[in-house]
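For reference, the structure discussed in these notes is given below.
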Amino acid sequence: MLDDQGPSPTIETAPKRFFFNRKGMAALGTVMVFGLPVLYLVQPTLSRRAAGVVGVVDPAELEADVRLLSTTAPPRDHRHPERLDDIATWIKGRMASAGGRVSEQVYQVQGRTYRNVVARFGPEQGRLVVVGAHYDACGPNPGADDNASGVAGLLGLANLLGQTPPKDPVELVAYTLEEPPFFRTRHMGSVHHAQGLASRKTPVKAMICLEMIGTFSQEEGSQRYPVPGLDLVYPGKGDFIAVIGGIGQGALVRWVKAAMQSTSPLPVWSMNAPSSLTGVDFSDHASYWKEGFPAVMITDTAFYRNPRYHTALDTPDKLDYPRMAQVVQGVFVAVRALGE
């Protein structure tokens, strides 16, 4: 009676199962070839963990600081060291009032004196977290976003750290000479600070660079990227803040990103990419990479979003201070999380 039952179902279906498995393996291979690099690039976080202590940042205070730096203080480029000195003195006073132990890092360039301002919070011993922003501007431009926004954020962070001291030491550093003609040279203020830490063999847990944190847009197409195809992975609207890290720093990027996501509804995107990708190393964090320290940049992506970059139109009325406040709150939580 076996002949009446027809061909064995095992013989018929076995090739189909094998064919399905090959297709499945091919699909898995495609995901691994294309998906894993994308996952590493964007560093997704699986959940928004609850934030611990979240400080209050007043957008009006951020705006007042940006307006002072970008309307009263200019020009604040290398040709006007006396103006840079005035700004450094003002930053020192603000950092001291916030409770920081303030010092200067003074050095000479082409016969002129320039200075970083360093404010220390928390204990003297322990693995250091550095947060920095440059206070000089490109030429005579007002530099509201680049980088009065970062300095205002640094001062807001000082207030929060003074109110709730960190468990590990934190240094807030206002750098000089980030802009041309000294960009990417040994004369950058961040180079001097990073080299000083390295020469003293200071244990550094992480460095966070605040580089342009005030420009946001809800318009589709307002966000651009350095290479084609990234717009398939990242948003087309410039309504987010970005955490940028180098290759091999995925864990730090995810940690900072998750901490920032825990504080507010502000979208936080991230990227781990080589410095050969235009813009990835375009600020003071690169000085720490050169010394082997882990570092990330917090940014609104600069000229990939802000068309007023390095022009006279980079003025304080163009910035989004409520969202800036959310960025500073997020960085504060990230700093505390790194210390804990």
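When each pair of different Cα atoms in the range 146-297 is counted once in the 1/r mean, what is the Kirkwood radius in angstroms, to one decimal?
Taking every pair of different Cα atoms in the range 146-297, averaging 1/r and inverting gives 16.7 Å.
Using a 1.4 Å probe over the heavy atoms of the protein chains, calculate the carbon and sulfur portion of the accessible area of the chain as a whole percent.
That share works out to 59 percent.
For the chain, give me the percentage of DSSP beta bridges that are antiparallel, rounded to the nearest 5 percent.
Antiparallel: roughly 50 percent of the beta bridges in the chain.
Could you work out how far apart the two model spin labels at Ser276 and Val56 are, taking each label as a point 7 Å from the Cα in the direction of the beta carbon, and quote it in nm?
About 5.0 nm, to one decimal.
For the chain, with a Gaussian network of springs between Cα atoms less than 10 Å apart, report the residue from Val268, Val280, Val109 with the top mean-square fluctuation.
Val109
For Val204, what residues show an amide H to amide H distance below 5 Å, using hydrogens built from the backbone and excluding near sequence neighbours?
Long-range HN contacts for Val204: Leu128.
Provide the per-residue ³J(HN,Hα) series for the range 334-340, in order, calculated from phi with Karplus coefficients 6.51, -1.76, 1.60 and θ = phi - 60°, each as a whole number of Hz, with x at glycine and proline positions.
The phi angles translate into 5, 4, 5, 5, 5, x, 9 Hz.
How large, in Å, is the range 120-213 by the Kirkwood hydrodynamic radius built from its alpha-carbon pairs?
One over the average 1/r among Cα pairs gives 13.9 Å for the range 120-213.
Tell me, what is the per residue accessible area of the chain in Å², probe radius 1.4 Å?
Result: 45 Å² per residue.
In sequence order, what are the phi-derived ³J(HN,Hα) couplings for the range 134-145 according to the Karplus relation 6.51 cos²θ - 1.76 cosθ + 1.60 with θ = phi - 60°, rounded to whole Hz, with x for glycine and proline?
Values per residue, Gly and Pro as x: 8, 9, 7, 10, 7, x, x, 5, x, x, 5, 6 Hz.
Assuming R0 = 25 Å, what is the FRET efficiency of Gln105 and Lys201, from their Cβ-Cβ distance, to the nearest 0.05?
0.90
Could you work out how much longer the chain between Ala96 and Thr72 gets when fully extended? Use 0.36 nm per residue separation minus the Cα distance between them, nm to one decimal.
Result: 6.5 nm gained on full extension.
What's the magnitude of the charge dipole for the chain around its Cα centre, counting Lys and Arg as +1 and Asp and Glu as -1 at the beta-carbon? Answer in Debye, nearest 20.
860
With each run of n ≥ 4 DSSP H residues scored as -39500 (n - 2.57), what mean residue ellipticity at 222 nm is computed for the chain after dividing by its residue count and rounding to the nearest 500 deg cm²/dmol?
Theoretical 222 nm ellipticity from helices: -11000 deg cm²/dmol.
What is the extension gain from Val233 to Glu219, computed as 0.36 nm multiplied by their sequence separation minus the C-alpha to C-alpha distance, in nm to one decimal?
Stretched fully, the Val233-Glu219 segment lengthens by 3.3 nm.
Under a 1.4 angstrom probe, counting protein chains only, how are Cys209, Cys138 ranked by accessible area, largest first?
Solvent-accessible surface, decreasing: Cys138, Cys209.
Treat each spin label as a single point 7 Å out from the Cα along the C-beta direction, and report the Arg186 to Gln125 distance in nm.
3.5
Could you derive backbone 3J(HN,Hα) for the range 277-294 from the dihedral phi with the Karplus parameters 6.51, -1.76 and 1.60 (θ = phi - 60°), listing whole Hz in sequence and x where the residue is Gly or Pro?
The phi angles translate into 6, 3, x, 4, 10, 8, 6, 6, 4, 4, 5, 7, 4, 5, 9, x, 8, x Hz.
Arranged from highest to lowest average of other beta-carbon atoms within 10 Å per residue, in what order do the peptides 145-155, 170-180 appear?
145-155, 170-180
Taking every pair of Cα atoms in the range 229-340, average 1/r, invert it to obtain the Kirkwood radius, and report Rg/Rh to two decimals.
Rg/Rh: 0.96.
Pairs of lysines 8 or more apart, or on different chains, with alpha carbons under 25 Å: count those in the chain, would you?
11
Given 20 °C and 1.002 mPa s, compute D for the range 71-143 with the Stokes-Einstein relation, Rh being the Kirkwood radius over Cα pairs; round to the nearest whole µm²/s.
Answer from the Stokes-Einstein relation: 158 µm²/s.
Can you find, among Pro316, Val106, Gly153, the residue sitting farthest towards the positive end of the charge dipole of the chain, where Lys and Arg contribute +1 and Asp and Glu -1 at Cβ?
In the chain, that residue is Val106.
What size of dipole, in debye to the nearest 20, comes out for the range 103-249 about its Cα centre when the only charges are +1 on Lys and Arg C-beta atoms and -1 on Asp and Glu C-beta atoms?
With Lys and Arg at +1 and Asp and Glu at -1, about 720 debye.
Against the empirical 2.2 N^0.38 Å scaling, what ratio does the C-alpha Rg of the chain come to?
Taking N as the residue count of the chain, the ratio is 1.19.
The values are calculated or read from the model by the stated rules, or taken from the named source; none is laboratory data. All values derive from a computational prediction rather than experimental measurement. Every residue, glycine among them, receives a Cβ derived from its backbone with ideal geometry; neighbour counts consider all protein chains shown. Surface areas here come from the heavy atoms of the whole protein model, side chains and all, with no ligands, DNA or RNA. Shrake-Rupley method; radii C 1.70, N 1.55, O 1.52, S 1.80 Å.
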